[in-house]
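Remarks on the structure that follows.
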Amino acid sequence: MGKVSIKLKSSDIAKLEKELERLSDICFDAVLKKNLTQILNTARSDGTPVDSGELRKSSSMEGGEVGYTNEYAPHVEYGHRTRNGGFVQGQHFLKNNVDAQMPIYYKDLKEALKKG
């Protein structure tokens, strides 16, 4: 079975966020927290491959943000230079988890607006 890719415009999501926030901060916060928690749970499971397990263990959510707290997390996510002048490409684990969550977040925003 082939991989399906869904592209959402960030402007479409931003419009839904703004409208839901206007109607109800409580509903918006609930949708946001649900989706951030799902991103965190993915990062703590199959969304972060394991070498030593340290990166996966460092996944956290604080103040409406999800990320990795391990000091080498940016090197893994975005890539880094090597001592001999080469470059190791980033693996974008967090970005991939966020991208996978976007269609769910979009659907949740639309449903919350319908209820509101």
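The values are calculated or read from the model by the stated rules, or taken from the named source; none is laboratory data. Just so it is clear, the model here is predicted, and its values are computed rather than measured. Counting neighbours? That spans all protein chains shown, and the Cβs are built from the backbone with ideal geometry, glycine included. Keep in mind that these areas ignore ligands, DNA and RNA; they rest on the heavy atoms of the full protein, side chains included. Shrake-Rupley method; radii C 1.70, N 1.55, O 1.52, S 1.80 Å.
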How many residues does segment 52-83 hold that are touching a Leu at 6+ places or on another chain (Cβ under 9 Å) and either assigned to a loop (DSSP other than H, G, I, E, B) or of a type outside the set (Ser, Thr, Tyr) (or both)? 10
Could you list, in sequence order, all residues of segment 78-116 that are at positive phi and among the small types (Gly, Ala, Ser)? 79, 85
Failed item in (1) assigned to a helix (DSSP H, G or I); (2) open to solvent by 50 Å² or more (accessible area, probe 1.4 Å), with residue 49 passing the rest: (1)
Could you grab the pairs with beta carbons closer than 9 Å, sequence gap of 6+ or different chains, first residue in segment 48-70 and among the basic types (Lys, Arg), second one part of a loop (DSSP other than H, G, I, E, B) and open to solvent by 40 Å² or more (accessible area, probe 1.4 Å)? 56/44; 56/45; 56/49; 56/50; 57/44
Whichever residue in segment 84-102 is open to solvent by 40 Å² or more (accessible area, probe 1.4 Å) and in a helix (DSSP H, G or I) and, among such residues, is farthest from residue 14 (Cα to Cα): 96
